[in-house]
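Scroll down for the structure; my scribbles are underneath it.
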Amino acid sequence: MRNLHYRVLAFLLVYGMLKFFGGSFGHLVLYPVTLLVTFLHEFGHALGALITGGSVVSLQINADGSGYTVTRGGSQAVVLMGGYLGSAVLGNLLFRIGARHRQLTHHTLLVLGGIMCLSALFWFESLSSTALLLGFGFLLGFIALRTTWDQDVLMFLGLAAVLYIIQDFDVGPTSDLAMYEQVVGIFPSQIWMYIWLGLAGLLFFWNLKAVFKR
């Protein structure tokens, strides 16, 4: 358990140094995290459509870290919410598996890489997006099958993704929040932004508490 504390602290320090003091080098090193967060966000939209009876037309991941998902049918409120909160759930899940379920890290990387590859092929939108997702998916597969880094990679990706998502609360989901205000109403988008942030923060706190529970 003490070793886990040290590893998580080390990951937090590495992420913080790269994010806030790394400059262009830090941006380059964290580029896979940026792409992962974008994929989790867009996959969250897609998952929201699928679990509410809709379908996914296409999913696009751009090299600059932006993206979009085109869905048809389903609950638009769940689809919109699925981007930010869905990616927070998925990021926490990756971190939890990496931290507490060593025997599953190998398979989790393979499943994540497989989902990326299948998304690139079945929800095809452009060659560039497909190439990015296939490349990332095969890289995760290589790490799982050919290295012993699977646990550390999964923990870092999950932890960094969650931190990135929380930090990005006032930028990343802006368009989703504006549409969510139109669809759901009740509160203006600014209030919904803090509600989503609060839920993401509570989820991360609960996850950390569960991970470090003896």
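Observations, loosely collected:
- For region 31-211: relative contact order, % (alpha-carbon pairs under 8 angstrom, 6 or more apart): 25
- Within the listed set R146, R72, R96, the residue fluctuating most in the Gaussian network model of the chain (springs between alpha-carbon atoms under 10 angstrom) is R146.
- Exposure proxy ranking for L47, L202, L110, L12, based on other Cβ atoms within 10 angstrom of each Cβ and starting from the fewest, stands as L202, L12, L110, L47.
- Residues S119, S24 arranged by fewest to most Cβ contacts within 10 Å: S24, S119
Computed from the coordinates by the stated procedures, all read-outs in this text should not be read as laboratory data. Keep in mind that what you see is a predicted model, and the values were worked out from it rather than measured. Cβ coordinates were reconstructed from backbone atoms using ideal geometry, including for glycine residues, and neighbour counts include every protein chain displayed.
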